[in-house]
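Written below as structure tokens is the structure these notes are about.
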Amino acid sequence: MNKGFFDIPTEDITRPPKISPILGCDFCGLDKQVKSPRIPVFGEGKMGIYLLGEAPGGTEDEENRQFCGQTGSLLSKDLSALGYNLDQDFYLDNALGCRPTSKSGSNRPPEPKELQCCESRWRQNVKELRPIIIMLMGEKIIKTFFSDRNHPITEDLSVGRFRRTCIPDVKTRAWVFPLYHPSWVVRNPDTHVVFFRDLEWAMNQMFKSQGRPEFPDWAQQVEIILGFDLLM
């Protein structure tokens, strides 16, 4: 566990921030197209783990509940095999509060604009719940989560690069685990072994983290010197 990851850049970064201004539901419009708009966080979160997925599917929209469809069922079974309960041990949320659908009525991936519109919602959820562990399910969510960071390493936030990585995040004061989304397994059943082993690895790291990550108090370690005579 490398302390300081995504903390302070090692070089001067002059490019503008990647995050756009808060847009909200009026700009997105998905809330007017679904049965269950703005599906709330689900789960008891007894272990202080916040699981962030991509978007609700058809079953979630029908039941107004997070991770209750096919991908949720797969995730629940895998966690149960490891000795955990999805609904009791986790807070469950998605980067979109509303289900995105195609013209045919089927699920579709969220658009960048939609992710931006809903970003303030789940960031507020993280702020209020104060999880110790944050699990990011899928590459889009990894990129969305770190979209407000001005750090050179955020140029490549692929799952393949950051899987099996435990990130101490200075902004949320939590350990962050990038993982594949269970829908990847639904579409590619042969990948289930990889997904399960990564999930098992992430759960095992919880017992090594020993609480929240600690960061240096830089403000207390910097001495500010006033006076122009020192420059002469």
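The values are calculated or read from the model by the stated rules, or taken from the named source; none is laboratory data. In this text the structure is predicted, and so the values were computed from the model without any measurement. Cβ coordinates were reconstructed from backbone atoms using ideal geometry, including for glycine residues, and neighbour counts include every protein chain displayed. Keep in mind that these areas ignore ligands, DNA and RNA; they rest on the heavy atoms of the full protein, side chains included. Shrake-Rupley method; radii C 1.70, N 1.55, O 1.52, S 1.80 Å.
Odds and ends about this structure:
- Qualifying residue in the range 28-36 (condition: at pLDDT below 95, closer than 18 Å to Lys140 by Cα and hydrophobic (A, V, I, L, M, F, W, C)): yes
- Exactly one residue out of Lys140, Lys113 is basic (Lys, Arg) and closer than 27 Å to Arg173 by Cβ: that is Lys140.
- Taken together, the residues in the range 164-194 that are acidic (Asp, Glu) and open to solvent by less than 60 Å² (accessible area, probe 1.4 Å) amount to 1.
- Pair list, Cβ under 6 Å, 6 or more apart: the range 34-49 residue basic (Lys, Arg), other residue open to solvent by 60 Å² or more (accessible area, probe 1.4 Å): Lys46/Gln88
- Ser183 of a type in the set (Ser, Thr, Tyr) and modelled with pLDDT under 90: no
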